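Take a look at the structure set out below.
The values are calculated or read from the model by the stated rules, or taken from the named source; none is laboratory data. Quick caveat: nothing in here was measured; it's all calculated off a predicted structure. Methodologically, a virtual Cβ is constructed for each residue, glycine included, from the backbone with ideal geometry; neighbour enumeration extends over all protein chains shown. Just so you know, the surface numbers come from the protein's heavy atoms only, side chains and all, with ligands and any DNA or RNA stripped out. Shrake-Rupley method; radii C 1.70, N 1.55, O 1.52, S 1.80 Å.
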Amino acid sequence: MEAIRSCVGCGVRASRGSLLRVVERNGRVVIDEGACLPGRGAWLHRSRACIERAMTRGGFPRALRVSVKLDTAELENRLETMMDNS
């Protein structure tokens, strides 16, 4: 039985394998490919809508429990790469 997580963008619950895990490192949102980096993680669908919603609605600081504004440039670049390869 696979673990279920909630997307910080849309709030829909999904299997862990279908979501992307991100963590906070030095004020940046970093993608955790292997889901093994230490610290609190946030999960989201690999879709433009979910990532943009999480960024605009403050989903990352809330889920990662940080009070600073987070740099999401790496995540945005990854999103562009994912969309280009689709």
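With every protein chain present, what is the per residue accessible area of the chain (1.4 Å probe, Å²)? Walk me through the intermediate numbers first.
Details: 5250 Å² over 86 residues.
Result: 61 Å² of accessible area for each residue.
How large a share of the accessible area of the chain, in percent, is made up of carbon and sulfur atoms when the probe is 1.4 Å and the other protein chains stay in place? Using a 1.4 Å probe with all protein chains present, the chain comes out at 48 percent carbon and sulfur.
Please quote Rg/Rh for the chain to two decimal places, taking the Kirkwood radius as Rh and restricting both calculations to Cα atoms.
Numbers: Rg = 12.0 Å, Rh = 12.9 Å.
Looking at the chain, the ratio lands at 0.93.
Go ahead and collect, in residue order, the members of segment 1-29 whose backbone nitrogen is under 18 Å from a label point 7 Å along the Cα-Cβ direction of R48. Hits in segment 1-29 for R48 at 18 Å: 9-10.
Projecting label points 7 angstrom from Cα along Cα→Cβ for T56 and C36 puts them 3.7 nm apart.
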